[in-house]
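Trainee: The following block contains the structure, expressed as structure tokens.
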Amino acid sequence: MSTTVAAYAAPSAKAPLERTTIERRAVGAQDILIDIKFAGICHSDIHQARDGWGEGIYPMVPGHEIAGVVTEVGSGVTKYQVGDRVGVGCFVDSCRECEYCLRGDEQYCTKGMTGTYNSLDKNGEPTYGGYSTHLVVDENYAVRIPEGIALDVAAPLLCAGITLFSPLKHWNAGPGKKVAILGLGGLGHMGVKIAAALGAEVTVLSQSLRKKDDSLRFGAAHHYATSDPATFDALAGSFDLIVSTLAVPLDMDAYLGLLKTDGAFVNVGAPEEPNSLNMFSLIGGRKTLAGSMIGGIAETQEMLDFCGEHGLGSDIELISADQINEAYERVLASDVRYRFVIDTATI
């Protein structure tokens with residue numbers, strides 16, 4: 001039997017979120033029921049709630065940075081038991097059959113992963129995210145949160161953490177590599193922490209020097225202001241890897257000029273407007289322009305274990321559910337250090 005739970009939802013595009021109730025499916029044989037304790041606010045929640053990317057499904061319950069405790073398990077569940085600390089990230093299902101699912105890259109499922117919210121499940125029913133009190137999910141799409149990480153600072157790792165961990169690992173950030181993180185927000189500050197823990201020499205490229213002290217505290221060796229044209233002269237040809245977390249159009253030619261020969265510029269931000277570039281910016285140094293999107297379930301677990309071993313969590317501002325709309329405006333104004341996290345007990 002399905003269960004009615006409290007949630008915060010956007011009733012329509014660009015409408016303020018409001019308290020409501022939703023139905024969670026009955027716990028099936030492979031399912032676990034999670035008592036959600038905390039849910040992070042990702043910039044993509046705002047994009048989708050306000051229909052910035054189009055095709056929004058309303059009412060929409062955002063939230064794909066979910067941390068909680070298992071309170072019920074299905075008859076066939078083997079991975080978890082009641083009382084386990086678990087997380088759920090950006091997707092809750094995939095085809096499980098394609099080459100990418102079989103190799104652990106479910107986020108690139110050829111048939112399309114099922115998003116934690118603003119998506120349709122295999123029965124054609126809309127999915128609802130973590131701005132709610134409970135979630136039912138297949139055990140294979142949950143991950144275990146190490147005991148060394150508090151649940152509130154762990155929640156943003158389920159998107160912000162894995163979004164940066166995956167490209168940093170894929171492009172071999174580590175000792176001897178010079179890595180730049182473009183943007184010091186919810187994603188970027190985790191990129192600095194993870195890249196530094198991997199052993200890379202980290203530089204933060206931010207619009208101003210306002211957050212320099214934070215950059216150094218997170219493990220960066222350098223911090224430069226991109227609003228200063230001299231930055232692009234001083235750092236020309238400096239980096240093996242640049243990871244951009246920004247969701248705004250960029251002067252791609254200028255940023256590609258900061259790469260060494262064979263360097264890579266990897267975008268994890270998702271601007272609503274297109275970018276443009278001169279192809280000679282790539283050809284001239286055998287450079288790579290790439291993108292990366294979260295990580296698979298196994299890699300997300302690897303990221304959580306890595307963060308547990310290195311004592312990494314997100315820097316957060318804990319809010320009550322009635323502050324969600326205010327938090328959205330503050331995210332758009334870059335007025336958060338560095339991730340809003342909802343205490344779902346207040347829903």
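Trainee: Restricting the search to segment 319-335, which residues are in contact (Cβ under 8 Å) with a residue 24 or more places away in the chain, surrounded by fewer than 18 Cβ atoms within 10 Å (Cβ to Cβ) and either assigned to a helix (DSSP H, G or I) or under 17 Å from the mean Cα position of the chain (by Cα) (or both)?
Mentor: Asp322, Asn325, Leu332, Ser334
Trainee: Given the criteria of a type in the set (Gly, Ala, Ser) and in contact with a Phe, Trp or Tyr (Cβ under 6 Å, 6 or more places away or on another chain), does Ala270 qualify?
Mentor: No: the conditions fail for Ala270.
Trainee: Quick one: in segment 260-289, of everything that is basic (Lys, Arg) and part of a loop (DSSP other than H, G, I, E, B), which residue is surrounded by the fewest Cβ atoms within 10 Å (Cβ to Cβ)?
Mentor: Arg286
Trainee: Looking at the structure I just gave you, is Ser44 over 24 Å from Pro146 (Cβ atoms), part of a loop (DSSP other than H, G, I, E, B) and among the polar types (S, T, N, Q)?
Mentor: When the stated conditions are applied, Ser44 does not pass them.
Trainee: Counting only residues that are farther than 15 Å from Ile242 by Cβ and surrounded by 22 or more Cβ atoms within 10 Å (Cβ to Cβ), how many does segment 216-231 have?
Mentor: The total comes to 1.
Trainee: Something else: Look through Gly87, Gly63 and report the one residue that is of a type outside the set (Val, Ile, Thr), in the same structural domain as Thr127 (by TED's automatic domain parsing), buried (at least 21 other Cβ atoms within 10 Å of the Cβ) and assigned to a strand (DSSP E or B).
Mentor: After ruling out the rest, the residue left standing is Gly87.
Trainee: Just wondering, is there one or more residues in segment 76-84 that are assigned to a helix (DSSP H, G or I) and either in contact with a strand residue (DSSP E or B) (Cβ under 7 Å, 6 or more places away or on another chain) or on the phi > 0 side of the Ramachandran plot (or both)?
Mentor: No, the conditions are met nowhere in segment 76-84.
Trainee: Against the conditions (1) among the small types (Gly, Ala, Ser); (2) surrounded by fewer than 17 Cβ atoms within 10 Å (Cβ to Cβ); (3) at pLDDT 95 or above, where does Gly68 fall short? Just the number, please.
Mentor: Exception for Gly68: condition (2).
Trainee: Does Phe340 qualify as being in contact with a Leu (Cβ under 9 Å, 6 or more places away or on another chain), assigned by TED's automatic domain parsing to the domain that holds Ala49, touching a residue at least 60 places away in the same chain (Cβ under 8 Å) and in a helix (DSSP H, G or I)?
Mentor: no
Trainee: Do we find a residue being acidic (Asp, Glu), outside any loop (DSSP other than H, G, I, E, B) and under 15 Å from the mean Cα position of the chain (by Cα) anywhere in segment 304-311?
Mentor: no
Trainee: Return the pair list, or none, for Cβ contacts closer than 7 Å from residues in segment 270-290 that are on the phi < 0 side of the Ramachandran plot to residues that are outside any loop (DSSP other than H, G, I, E, B) and of a type in the set (Val, Ile, Thr), at least 6 apart or on different chains.
Mentor: Gly285/Thr261; Ala290/Val266
Trainee: Any idea which residue in segment 175-201 is surrounded by the fewest Cβ atoms within 10 Å (Cβ to Cβ), counting only those that are under 18 Å from Lys212 (Cα atoms), free of Cβ contacts under 8 Å to residues at least 40 places away in the same chain and not small (Gly, Ala, Ser)?
Mentor: Among residues in segment 175-201 that are under 18 Å from Lys212 (Cα atoms), free of Cβ contacts under 8 Å to residues at least 40 places away in the same chain and not small (Gly, Ala, Ser), the one surrounded by the fewest Cβ atoms within 10 Å (Cβ to Cβ) is Glu201.
Trainee: Shifting gears a bit: Return yes or no: is Ser132 more than 21 Å from Gly199 (Cβ to Cβ) and at pLDDT 95 or above?
Mentor: yes
The values are calculated or read from the model by the stated rules, or taken from the named source; none is laboratory data. This structure is a prediction, so every number in the text was calculated from the model and none was measured. Note that each Cβ is placed from the backbone with ideal geometry, even for glycine, and that neighbours are counted across all protein chains shown.
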